[in-house]
1. Please list the non-local residues whose amide H lies under 5 Å from the amide H of VAL41, H modeled 1.01 Å from N, same-chain partners needing a gap of 5 or more.
2. Can you figure out the FRET efficiency of VAL429 with ASP481, using R₀ = 22 Å and their beta-carbon distance, to the nearest 0.05?
3. Pop a pseudo-label 7 angstrom from the Cα along the beta-carbon direction at both ASP333 and LEU81 and give the gap in nm to one decimal.
4. Which value in nm describes the separation of the simple spin-label points at ALA348 and PHE177, placed 7 Å from the Cα toward the beta carbon?
5. When Lys and Arg each count +1 and Asp and Glu each count -1, what net charge do the other residues less than 13 Å away from LEU646, Cβ to Cβ, add up to?
6. Where Lys and Arg each count +1 and Asp and Glu each count -1, what net charge lies around ARG399 among other residues with Cβ under 12 Å from its Cβ?
7. For the pair GLU544 and ARG660, what calculated FRET efficiency results from E = 1/(1 + (r/R0)^6), where r is the Cβ-Cβ distance and R0 = 25 Å, to the nearest 0.05?
8. So, counting K/R as plus one and D/E as minus one, what does the shell of residues with Cβ under 9 Å around ARG600 add up to?
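Bear in mind these aren't lab numbers, they're just calculated from the coordinates by the rules spelled out. Bear in mind the structure is a predicted one, so any value in this text is a computation, not a measurement. Virtual Cβ from ideal backbone geometry, glycine too; neighbours counted across all protein chains shown.
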Amino acid sequence: MTMRTALNDFKRRRGDDDVVPGELRTTTGTFAGDGDRLVHVDDDGSLRDYSYPLAGLGGIDRSRFGVGEAWFDAGADQRYLADTGVVETVHELDGYRVRQRDLTAGRLHVTRFDCEGDAPAAPVLRAYVGFAPEGRESQISHLVHDGAVEAYHRREHDYVGVSTELGDVRGQVPERFPELVGDDPVAFPRETETQRYEDAVMTGDLLLSVPFEDGGVTLVTLLAERDETTREAALARVGDAVERHDSASALERAGERQRDWPVPESPPAETVVDDLRVLSMLSAPNGARIAGPDFDPFYVGSGGYGYTWFRDDAEIARFLLDADEALDVDLDDWHRRSAAFYVRSQRADGSWPHRVWPGDETLAPGWANARLAAGDDTDYQADQTASVVAFLARYLRARDPADPGRIEDAIDRAVDSVDGTLADDGLPVACQNAWEDGHGRFVHTAATFLHAYAAVARAPVDADLRERARAQADAVLAGLDRLWTGEHYAVRERDGDLDERVDSGSLALAGALREYDAVADLDAATVDRLVTHVETTLSALERETEAVSGLVRYEGDEWRTGPQDGEKVWTVSTAWGANAAAELGSLLAERGDDPADAFRRSRDLLAELTPGGSLVRGNGYLPEQRFDDGTPDSATPLGWPHALRLATVAHLASEGELAR
């Protein structure tokens, strides 16, 4: 995303109530992704790269396609082809249609266009593609080769090639300064008077005219790094790709071969493939995941999403482990990559930093890095380290890793780190919360500590480490008494006072207490408290309008609420509620108590996240939030609720409670 693109969006959407102008939303369209490239195919067929966090490459910044004088500007029908990552978009034109299929394969992206019906006698594809190598919108140029065009800055060189004759190639002059500061957005492609002969060359914005052949044409883009791929090799790859994908069927077959997510033989719900596909696309080859496509790299209305948070990532990893055990979908390589990533990225003090770039695992911009600079733990998110511990301990117990010693050593050092942020009263010290918008001693942080300690106490590690973890789990369980209000656990203690609001993050207690119950039987009073807490939390956070139904994040949440009164519904909170209710149901069943109501609440919440529900898009995606009128907002798709949905479907299916 370049500043020019952001300003154009700001001008177009200025004054809209339900969007933040200047962001590049992904709440429409569908993604094609593989390896470290992630390409958004909007419902008008336009392409844009969201690859920078994964690959460090800018790629396509803006694009537009059409046939002859007709542009694909209207929203079109769009879907994935079966269980693959091939995106199909159907454009209805005057008397005929164009079927567009998109597939990302590594750093190649292939787009196939096929005319159907009464198409013009000699159709010509018009393709406007604006590249931003290294995120640049200046100091770039392009070279026209035989069958391909190359746009470049320094390190990054981007290519576009076609399967038929590459006809007219016109460089597009980007917005000039008066246009940038003017009130009106600029539409591309466009005709401009070039004041200097080089104006149309010193640009990465290109307009191509390409004839169809036998009713079809294939367009390929490639992102390349100068030090890794020579120009000759890059052009050869583009040429080979357009030859291999010279038909719709060839592209579909490539999509079937390229899929790296498993498909259960008897899936309990169609969302299983949707969730695995999303989580695969959000992952770098090393296993690190971005939270979601980075629709806001300029931090217009958020702190950005194209980074790896260790909390989110480790929670996703643990939910994937849960789902794998229940569905037997063989995710061993995914688990192995996650564990290796956590071991590599652990700091010397046993903790993990706020967030990193997933592609190269270097420190990313953040606001919770107190452990890397002078300061106390107030600007540190201790739950992140605890979340990683919980996954590593579970992985060590559930699988047979090749390097158990390294993993145990990482757990040992991480437990030391968690111990250092646990106060004498059994609650974590004051730090940042999971939502990253407050400070205090949070119930969610305590829940992650309890889960981590209990998981270590169950793991095949040194006996002294297990006993130490068990003792610390007991301490946290006792410390939770300080947060009990009589009806629910307070969101936090701050400066000695209880903040008695209800918070969906507290739903993590259900899984944590069930993990604890496996090493030390819970007493009836604690279980009764959990039942009351879950019931109170789900009821207090429930929000239902004519368009949406689900859970809000916490009482009094004012973030990105726009024009509406009251909090927005969050998919991660709703999925957390479904998962917590399922965990509670299993805990009650294991104790011989009646789980029926808990499982029912889980199914009711899950229904809003599955096909036909108010929170899920037609392509299976879960946006982070929805306004009361149903408009989606923020990161789409967001990895965390997809992992929660997957784990909840698997959990209910294993209990025979998915459908009643």
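1. When sequence neighbours closer than 5 places are left aside, the close amide H contacts are THR30, PHE31, ALA32.
2. Values: r = 17 Å, r/R0 = 0.79.
That pair, VAL429 with ASP481, gives E of 0.80.
3. Calculated label separation equals 2.1 nm.
4. In this crude label model, ALA348 to PHE177 measures out at 4.9 nm.
5. Values: positive: ARG277, ARG318, ARG645; negative: GLU270, ASP274, ASP275, GLU315, ASP322, ASP324, GLU325.
That sum, taken over residues with Cβ under 13 Å, equals -4.
6. That sum, taken over residues with Cβ under 12 Å, equals -4.
7. On the way: r = 21 Å, r/R0 = 0.85.
E(calc), rounded to 0.05, equals 0.75.
8. Numbers: positive: ARG601, ARG603, ARG660; negative: ASP597, ASP604, GLU657.
Once positives and negatives cancel, what remains is 0.
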